[in-house]
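The structure under discussion appears below in the form of structure tokens.
The values are calculated or read from the model by the stated rules, or taken from the named source; none is laboratory data. Just so it is clear, the model here is predicted, and its values are computed rather than measured. In this analysis, Cβ positions are derived from the backbone assuming ideal geometry, glycine residues included, and neighbour counts consider all displayed protein chains. Just the protein is used for accessible areas: all its heavy atoms, side chains included, with ligands, DNA and RNA removed. Shrake-Rupley method; radii C 1.70, N 1.55, O 1.52, S 1.80 Å.
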Amino acid sequence: MVADAERISAASTTSTDLRVTRSGRFIRKFKFDEFSQLINVFLGDMSLVGPRPEVQKFVDRYTPEEKVILTVRPGITDWSSIKFHNEGEIIDASGIPDADEAYEKLIRPEKLRLQLKYVNERNLWVDVKIVASTVLTLFSTRLGGRPIGVPE
């Protein structure tokens, strides 16, 4: 991203966001930006599986029921990050000019539902399924496929 990106526009980004540099587009396309989060996993600040960290302005809108998401260590992947692996494209295709508004309407409700589902059902087997689904989805979407294994 360019310097001071958060002051220039919305917290959410589209796949064509002009604040993302050319090298940033490459890094995002191949998910290399996720590798740095492995350091956070090794430091114990994050886990491999858990609700993805959210921008503070959206956390501030959590209902009391949704705040339970904050009791679980954030992770690199979860059901919502699999389902919305192409979040920027979804926002682009929405036709809604404000990226945060598009995120709020099209992604956030389902993302919260899936995160709450994870918090309420988490166990080692669920974590294994999420990791496997993440890997399969990464390969599938590179070949033009769809996310794999996201529960209804």
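Data overview
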| read-out | value |
| --- | --- |
| Neighbour-limited loop hits for GluC sites (Glu not before Pro), region 45-131 (at most 14 other Cβ within 10 Å; DSSP other than H, G, I, E, B) | Glu65 |
| Separation between Cα centres of region 72-109 and region 49-69, rounded to whole Å | 14 |
| In region 46-152, trypsin sites (Lys or Arg not before Pro) in a DSSP loop with at most 12 other beta-carbon atoms within 10 Å | Arg61 |
| Length added when fully stretched, Lys117-Phe139, from 0.36 nm per residue minus Cα-Cα | 5.4 nm |
| Sulfur and carbon atoms: percent of accessible area, region 65-129 [1.4 Å] | 54 |
| Chain lengthening between Thr21 and Asn40 when straightened (0.36 nm per residue, less Cα-Cα) | 4.4 nm |
| Pairwise FRET efficiency - Thr71 versus Ala93, Cβ, R0 = 30 Å, nearest 0.05 | 0.35 |
| Estimated FRET transfer efficiency when R0 is 25 angstrom, pair Val59-Val128 (beta carbons, to 0.05) | 0.35 |
